[in-house]
Amino acid sequence: MRFKPLHNTPRERTIAFTFDGRALEGVSGQSLAAALLESGIVTFRKSRDNNEPRGPYCLMGTCFECLVHVEGIGTCQACVTPINPGMRVTSG
């Protein structure tokens, strides 16, 4: 499954970042979760108890299902974290 914007988003300011070593691009002002989903990544981490795949659920910072690790910042919610150039992100 691949997510895409509901309407054409101007892509004039693309931002390069990585997720688990994979080079990706997003759009300036986009959340990390939106950029990952648009890139076809739906699993952001595995649950601690039974290693089940987890990904964004609420997309507004309430559920904590979209936790990822951002180098230099630490663990954060991808849905409320804007992408930045050169951001190095790993599974939470």
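Details
- For the chain, the set of GluC sites (Glu not before Pro) satisfying both a DSSP loop assignment and a count of at most 16 other C-beta atoms within 10 Å is given as Glu12, Glu71.
- For Phe44, nonlocal amide neighbours, meaning residues 5 or more places apart or on other chains whose placed amide H falls under 5 Å from its own, are Arg54, Gly55.
- Qualifying chymotrypsin sites (Phe, Trp or Tyr not before Pro) in the stretch 21-92, where qualification requires a DSSP coil assignment and no more than 14 other C-beta atoms within 10 Å, comprise Tyr57, Phe64.
- Per-residue Cβ neighbour rank within 10 angstrom, fewest leading, Asp49, Asp20: Asp49, Asp20
- Label positions at Lys46 and Ile73, each projected 7 Å from the Cα along the C-beta direction, are separated by 2.4 nm.
- Neighbour cut-off at most 10 other Cβ (10 Å), DSSP loop, trypsin sites (Lys or Arg not before Pro), the stretch 19-92: Arg48
- Whether the chain is rounded, prolate or oblate, judged on the alpha carbon gyration tensor where a/c under 1.5 counts as rounded: prolate
Every number here is computed from the coordinates shown, using simple stated rules; none is lab data. Here the structure is a predicted model, which is why all the values come from computation and not from measurement. Please note: Cβ atoms are built from the backbone with ideal geometry, for glycine as well, and neighbour counts cover all protein chains shown.
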